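This report refers to the structure that appears directly beneath it.
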Amino acid sequence: MSTFTAVAPHLTSVAVAPATPAGRVYADARVAEFPAQPDLNMQNFGGKTIEHLTVTNVYIGVWDATERDHLDHSLAAAMQDVGLNNVLAQYFGGRRPTTEFRASRVLDGPLPPRAYKSFVEARIPWLGTEDEVVCLCLPPGVVLVDGEEGDSGPDSEHGLGGYHGSVHTPEGTMYYAVSVYAERGNGIDAFDAPWKNICAILYHELCEVRTDPDVEDAIRAGHDPQALDLLGWYSPQGGEIGDIPMELAGMDIHDVMQEVALSDGSGTAPVQLMWSNAVGGPEGPVKRRRSPAAGSRSAAGRAGTRRS
């Protein structure tokens, strides 16, 4: 049993554009100053991390086949890129994390105009298995809401790009990430094509599934101090590995949402740069693996940040 008594952070598991109404909802959980500071570094709270991910993309509704192919290829290339994973190695004892992508699927059927969390999570148990992360890709025109039906929670018409979470079933815990079809007026529009926006959002979410998969359970635990036991790598200032770079970028989201050159020379992939403790800020692909990151739960406790 934990004896940790510091006030817990305000927990978040979403990707939002900071200079939007959705961004402002979560802003009190993160630091908005720039440049980045080492005191914002991720801390290891001792919860679960996933060094080896298995992922499947599930497209709901009507999608252009070429867009699906671009997204499937680029997201896999980004998650498997040596240079990008060299950055993330610091959170896995200096080992590069790995990702396997299973064949993507298309799910037909009617869709509501607004997809609430209940809509998303009701589909996860029969779309995937316990050993894989389901990336749920909403089609054009559907608004994603971070909340239950009837809530006035943040939505993709006001800056929400996606989020990740978990669903408990009799077979075990299933993890997922969901992205809105990101284009002007819906989601985070940073690139010249919607599929590129979606790729960067899902890259953000999957990196957070790697480093902090059980944050949804920590959120559900509310003010229970044991909620902290469920966190993996999390900043005591209140944010996951992808959150703080977005907040620091502010209006200049292109500083962290970029098409990066792939290490194998095969082209580029649209991603969001992740936080690196090694440099105290967002970091692009590097040639050498980062050493294991410093940061422990006791250090996070001394920071004493709050939770709403």
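The values are calculated or read from the model by the stated rules, or taken from the named source; none is laboratory data. Here the structure is a predicted model, which is why all the values come from computation and not from measurement. FYI the Cβ positions are ideal-geometry reconstructions off the backbone, even for glycines, and counts take in every protein chain you see.
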Checked against (1) modelled with pLDDT under 95; (2) surrounded by fewer than 23 Cβ atoms within 10 Å (Cβ to Cβ); (3) not in a loop (DSSP other than H, G, I, E, B), Thr305 satisfies every condition except (3)
May I ask you to verify whether His70 is surrounded by fewer than 21 Cβ atoms within 10 Å (Cβ to Cβ), in contact with a strand residue (DSSP E or B) (Cβ under 9 Å, 6 or more places away or on another chain), modelled with pLDDT of 95 or more and at negative phi? no
Of the residues in the stretch 38-75, those that are without any contact (Cβ under 8 Å) to a residue 24 or more places away in the chain and polar (S, T, N, Q) come to Thr66
Expected output for the stretch 79-102 (first residue over 16 Å from Glu208 (Cα atoms), partner buried (at least 20 other Cβ atoms within 10 Å of the Cβ) and aliphatic (A, V, I, L, M), Cβ below 6 Å, 6+ apart or cross-chain) is Arg95/Ala89; Phe101/Val55
Output for Cβ contacts, cut-off 6 Å, separation at least six or different chains, first residue buried (at least 16 other Cβ atoms within 10 Å of the Cβ) in the stretch 105-121, second among the β-branched types (Val, Ile, Thr) and in a loop (DSSP other than H, G, I, E, B), reads Leu111/Val142; Ala115/Val142
Checklist entry - Could you say whether any residue in the stretch 239-256 is under 18 Å from Gly46 (Cα atoms) and modelled with pLDDT under 95? => result yes
Counted residues in the stretch 98-114 being of a type in the set (S, T, N, Q) and farther than 9 Å from Asn57 by Cβ come to 2
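Looking at the stretch 177-192, which of the residues that are touching a residue at least 24 places away in the same chain (Cβ under 8 Å) and over 16 Å from Tyr59 (Cβ atoms) is surrounded by the most Cβ atoms within 10 Å (Cβ to Cβ)?
Checked the stretch 177-192; the qualifying residue surrounded by the most Cβ atoms within 10 Å (Cβ to Cβ) is Ile188.
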Of the residues in the stretch 92-129, those that are under 21 Å from Gly162 (Cβ atoms), out of contact with any His (no Cβ under 8 Å at 6 or more places or on another chain) and not in a loop (DSSP other than H, G, I, E, B) number 18
Of (1) at pLDDT 95 or above; (2) surrounded by fewer than 22 Cβ atoms within 10 Å (Cβ to Cβ), His164 fails just (2)
Within the stretch 84-117, of all residues that are under 19 Å from the mean Cα position of the chain (by Cα) and among the hydroxyl-bearing types (Ser, Thr, Tyr), the one nearest to Gly284 (Cα to Cα) is Tyr91
Note on the stretch 220-236: residues aliphatic (A, V, I, L, M) and within 15 Å of the chain's Cα centre (by Cα) are Leu231
Going through the stretch 124-146 in order, the residues found to be within 16 Å of Thr173 (Cβ to Cβ) and surrounded by 20 or more Cβ atoms within 10 Å (Cβ to Cβ) are Ile124, Gly128, Val133, Val134
